[in-house]
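Take a look at the structure below.
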Amino acid sequence: MTAIKIAPSFLTADFGRLADEVRAVEEAGADCLHIDIMDGHFVPPIALGAVVVAAMRRATKLPLEVHLMVEAPERQVASFAEAGGDLLTIHVEATDDVATVISQIKDLGCQAGVGLSPPTPASTIDSVVADVDQILVMGVNPGWGGQSLIPETFAKLQELRQLLSRRGLTTDIELDGGVKLDNAAACATAGASVLVAGSVVFNDSAPPAQNMAALREALSAAEAKG
Ligand code: DX5
Ligand code: ZN
């Protein structure tokens, strides 16, 4: 198995010290940074915006992936590209024309991702899998960090990985939500190649660097198995 990528998510980070939090996970070997955008419609909370993406862009050279939990993402993608997002992920449930928004994202010079909420079947993205750079599978209902992984997610990861390999694709599958030290290896074995790590990295128990190291250690078993 190739190395699993870790994408820290900042919802539970200390925003008063955002640049320090970014630096801590960068130094601890984060592969990219995951920024959650919530509009109060697609999900109940409102969280973050293009100004935060721009601030993070100034704080790091790491790739920034912007997770757009917003209705009508076609109206928002340009401002997040402008702010410095490298990969923009939209939800298949959030727009009537996913393929057109994916083209729009690519025309803006960004990579494109498509996300699936827990109730949405893997087959929903069949027609666009060949056009995206990453597939995001929600392991929890979107809206909040710190929830428990929904167990059905494992079967969905397996199904998507099979769907991709039938087509000869090795597209990254990112698992977002519910990643913990005790399930990270199983998520990777089921087919995730990128793990979003929110509360497992940013919490009150230990500093981010120590938490990142513990996550890498937890993943090494799955990586060694190949
Ligand atoms: C939830 C967000 C996730 C979340 C992950 O709607 O998309 O990125 O912050 O947090 P944890 O890792 O704590 O589940
Ligand atoms: Zn997210």
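Read-outs throughout are calculated quantities, based only on the coordinates presented, and are distinct from any laboratory measurement. All of these numbers come straight from a predicted model, not from anything done at the bench. All Cβ positions, even for glycine, are placed from backbone atoms using ideal geometry, and neighbour counts span all protein chains on display.
Short to long, the 5 Å bins of the Cα pair-distance histogram for the chain hold 1, 7, 16, 20, 22, 18, 11, 4, 1, 0 percent of all pairs.
Dipole magnitude for the stretch 1-146: about 360 debye, using +1 per Lys or Arg Cβ and -1 per Asp or Glu Cβ, origin at the Cα centre. Annotation for the stretch 179-224 versus the stretch 102-131: alpha-carbon center distance of 25 Å. Computed over the chain, the per-residue total of -39500 (n - 2.57) for DSSP H runs of n ≥ 4 gives a 222 nm mean residue ellipticity of -10000 deg cm²/dmol, rounded to 500.
Compute the projected area of the convex hull of the Cα atoms of the stretch 84-156, averaged over all viewing directions, and report it in nm² to one decimal place. Please list the in-between numbers first.
Working: hull surface 21.6 nm².
Directional mean of the projected Cα hull area for the stretch 84-156 stands at 5.4 nm².
Which value, to two decimals, describes the C-alpha radius of gyration of the stretch 103-226 once divided by 2.2 N^0.38 Å?
After normalising by residue count via 2.2 N^0.38 Å, the value is 1.09.
Peptides 95-102, 119-126 ordered by packing proxy, namely the average of other Cβ atoms within 10 Å per residue, highest first: 95-102, 119-126.
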